2 protein chains.
Amino acid sequence: MLEVKGIQNGIVIDHIKAGNGLKIFNKLLSEHIDSPVVLLMNVDSKALGKKDIIKLADVFDIDLDILGLIDHNITVNIVRDSKITDKRKANIPEEVTGLFNCINPRCITNSDAYAVPKFKLYEMNGSAEYICSYCEEITKYRL
Amino acid sequence: MLEVKGIQNGIVIDHIKAGNGLKIFNKLLSEHIDSPVVLLMNVDSKALGKKDIIKLADVFDIDLDILGLIDHNITVNIVRDSKITDKRKANIPEEVTGLFNCINPRCITNSDAYAVPKFKLYEMNGSAEYICSYCEEITKYRL
């Protein structure tokens with residue numbers, strides 16, 4: 001078994017669907033490139049069969065909206081002095097500003113640099129479907 | 001400290017210069033995407049200050065030439081039944097076939113699909129410099 005001792009201060013992102021760990025790391029954590037990080041991939045999980053885990057020895061304000069978009073089953077534990085002080089679940093955000101582009105090539109957000117994409121959650125159908133606040137097209141979020 | 005318990009059967013790639021771990025993983029190991037892997041980044045090292053480590057719970061014939069090109073200080077330990085059965089150092093290869101392209105855009109290897117790039121080690125100058133067996137241009141290997 002590949003086990004990792006606890007970190008003293010930092011963030012543990014757990015219950016990541018196997019295969020998403022690296023994507024999350026590249027999307028969210030590449031700015032924290034100087035902190036010690038452990039990325040476990042394809043380790044056993046009772047709940048998921050296989051999972052990825054990220055342990056980062058650095059505390060920062062992690063964007064739960066982005067995490068929720070990528071994988072809404074993810075849990076985030078904040079660790080201080082080797083104790084879990086905060087447990088959060090990444091939920092699918094109801095409203096999203098920026099983060100991804102509208103699927104409609106004729107939407108103003110894809111031509112006007114000042115029009116920031118804005119979406120409302122439309123439906124959860126395997127992956128999250130969002131309706132554009134400008135052109136009302138449905139964009140299926142894909143990582 | 002982020003420590004990882006030993007693996008029972010697999011490969012440990014150690015003494016990776018901090019920052020190269022992810023590159024090595026992407027270049028060499030993305031085919032072994034189903035095996036449990038731990039990628040430690042920016043962990044403390046007596047020898048290097050900071051280092052990356054990869055632990056893979058899968059035994060396969062790892063290409064030491066590619067590893068040597070990326071980072072010649074890397075060590076590779078083969079683990080079986082929780083014991084290290086083989087210790088290897090990744091050296092800079094004297095001769096390389098394929099793996100990277102000749103820097104000369106007019107070299108035949110860059111236009112003829114059947115001409116496979118072939119190099120001999122010319123000099124070690126920070127990064128490895130190779131002379132092309134076809135056109136004799138010097139290519140500095142960069143990851």
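Annotations
- Failed condition for B:ASP65, given (1) surrounded by 13 or more Cβ atoms within 10 Å (Cβ to Cβ); (2) outside the structural domain of B:LYS23 (by TED's automatic domain parsing): (2)
Table: residues versus (1) over 25 Å from A:SER35 (Cβ atoms); (2) acidic (Asp, Glu); (3) within 16 Å of the chain's Cα centre (by Cα).
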position: B:ILE7; (1), (2), (3): no, no, no
position: B:HIS15; (1), (2), (3): no, no, yes
position: B:VAL37; (1), (2), (3): no, no, no
position: B:ASN42; (1), (2), (3): no, no, no
position: B:LYS55; (1), (2), (3): no, no, yes
position: B:ASP65; (1), (2), (3): yes, yes, yes
position: B:ILE74; (1), (2), (3): no, no, yes
position: B:ILE78; (1), (2), (3): yes, no, yes
position: B:LYS87; (1), (2), (3): yes, no, yes
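- Scan of the range A:127-143 for residues that are under 27 Å from A:GLY19 (Cα atoms) and assigned to a loop (DSSP other than H, G, I, E, B), ordered by number: A:TYR141, A:ARG142, A:LEU143
- Qualifying residue in the range A:2-22 (condition: away from chain B (no Cβ under 14 Å), surrounded by 17 or more Cβ atoms within 10 Å (Cβ to Cβ) and closer than 29 Å to A:SER133 by Cβ): no
- Number of positions in the range A:29-49 that are at pLDDT 85 or above, more than 7 Å from chain B (Cβ to nearest Cβ) and not in a loop (DSSP other than H, G, I, E, B): 3
- Every condition in (1) more than 13 Å from chain B (Cβ to nearest Cβ); (2) under 24 Å from B:GLU31 (Cα atoms); (3) in contact with a helix residue (DSSP H, G or I) (Cβ under 8 Å, 6 or more places away or on another chain) is met by A:ASN91 except one, and the failing one is (2).
- Within the range B:94-126, being part of a strand (DSSP E or B) and out of contact with any Leu (no Cβ under 9 Å at 6 or more places or on another chain) holds for B:THR97, B:LYS118, B:LYS120, B:LEU121, B:TYR122, B:GLU123, B:MET124, B:ASN125.
- On inspection, B:ILE53 qualifies as assigned by TED's automatic domain parsing to the domain that holds B:HIS15, surrounded by 14 or more Cβ atoms within 10 Å (Cβ to Cβ) and in a strand (DSSP E or B).
- Meets criteria (part of a strand (DSSP E or B), under 25 Å from B:MET124 (Cα atoms) and at pLDDT 85 or above) for B:ASP86: no
- Tabulated pairs, the range B:50-78, first more than 10 Å from chain A (Cβ to nearest Cβ) and in contact (Cβ under 8 Å) with a residue 60 or more places away in the chain, second acidic (Asp, Glu) and surrounded by 16 or more Cβ atoms within 10 Å (Cβ to Cβ), C-beta under 9 angstrom, 6+ apart or interchain: B:ILE74/B:ASP14; B:THR75/B:ASP14; B:VAL76/B:ASP14; B:ASN77/B:ASP14
The values are calculated or read from the model by the stated rules, or taken from the named source; none is laboratory data. Remember, it's a predicted structure, so these values are computed and weren't measured experimentally. As a convention, Cβ positions derive from the backbone with ideal geometry for all residues, glycine included, and neighbour counts pool all protein chains shown.
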